[in-house]
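Trainee: Quick one: the structure is below, questions incoming.
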Amino acid sequence: MVDSGPSFSERDFYLTEFRGRHLGIVLPVTESDPVAGLRGILETLSGNGTGVVLFARPGAAWVPAGVPSIRPDLDAAWAGRVWRCIADRGYAVVELSENDLAQGGSAAAIQLGLMKVVWIRESGGLVDAGGHRISVVALHSTESVDIRLGDPSSGNLLLEPIRRMLLGGVVSVSVCRLDDLADELFSYAGAGTFFSLERYTDVRSLTLEDFDLAAGLLRQGEVEGYLAARDSEAVERLLGHGFGVFVEGRYMAGFCALLPYPDLGVGEIAGLYTVTRFAGEGVGGQLVRHALVEAGLNGLHSVFACTTSERVEGFFLRNGFERVQRHQVPNSKWADYPTERLGRVRCLGSKPAPQL
C-alpha cells in the first residue's frame, strides 16, 4: 500500500531483526576482492551483534591475512572454528570448491543454522518475461510464474540449493548483485529477489518482542507523511493495541492498531503501515479484515479510520469503507491532531465483521 525508499529507520528495522543472529553471504567466483565492497556492511553487522559467514572458493586472494582457512571438507571441527572466527572478527570465511558452492554452501548454511543467506550474482535476482524484477518468490506457491535468474541456463542450478536451504531451516534466501547488497538487507523494497518456502502470512497481536519492529514502521510512516506524528505516549498506546502481519512467522510485513473508544462503542484503525516488498501479499487488506473481526469480538458497533492521503483513502474504500464526515468521528480524536493535517483529513467508516 505504501511505497518507501531507503532511510535510517529502515536500516534500524532490519538491524533489530538481525541482532544476535547469523547471516551467510555466498560470493561469486568472479569477484577479485568482494570484501572491499562488503567492509562497511560487515562493520555494521558486527557492531549490531550479527555474525556473518562468507562462502567463497579456496585460496581466494582477497581473504585478509590472519583469517583462518575454514574447509568443511577437510576439518571436522570447522563449525567451531567458524564460531571462534566470528567472535574474534565479526565474520568468518568458509571455503568451498567452485563446483561445490551450491551444494556445499547449502549444506553448511543448514548445519550452522543461519537465519538468512544472500547469494551474490553479477546478474542479480529473478526477472519475469518482461525483464522486470521479481521481489518475492514462494517456492511452494501453486502460482505459475515465468521467471529466469540472470542466465536462464543456470537458473535451475541455483533454485535447487535455495530450496534445500529453506527446507533445512534457513528462514529466507535472497539473490542480488554485490552493489545492491545494502539495499537488499536494509530496505523495505529490497533490490534483489527474496525467497521463502510458502506464500503465507499470519496476523496476530504484538508481543513485547515485536515492539521495536513496529515502532520502526511507525517512524517510517511518519517520515513519509502517511502517518501523523505521535508523541511517545501515543506510540505506546498504538503498540499496546497493535497487531502485525508476519511473513514466514517472523518478518513483520505490516502493522496497525485498533484503538477502542469504549464509551462510544467505536474503534479506530490507526497507524496502518505496510512494507513495500510484501505489498503483493495483500498485507494491508489482511490488517483491516483482522481489525474488523476484533471490533466485532469486542462488541464495537462501528470502526473508523482517518488519513490525509488520497491513495490510502482509496485503499479503505476498496476494502468496504465509506466516506464519513469529520463530526461523525469521536471529538477526542481531534484533541491533539496536528493542525497542518486537519484541513486535509479524510474520514472513513465501516461496520465490524459479523460474528458467526
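No value in this document is a laboratory result; all are computed from the given coordinates. Since this is a predicted model, take the numbers as computed values, not measurements. Don't worry about glycine lacking a Cβ; one is built from the backbone with ideal geometry, like all the others, and counts go over all protein chains shown.
Trainee: If you average the alpha carbon positions of region 181-211 and of region 278-309, how far apart do those two centres end up, in angstrom?
Mentor: 20 Å
Trainee: Compute the relative contact order of region 201-350 as a whole-number percentage, counting only Cα pairs closer than 8 Å that sit 6 or more residues apart in sequence.
Mentor: 21 percent
Trainee: Arrange the peptides 126-135, 256-265 so that the one whose residues have, on average, the most other Cβ atoms within 10 Å appears first.
Mentor: Ranking, from highest mean packing down: 256-265, 126-135.
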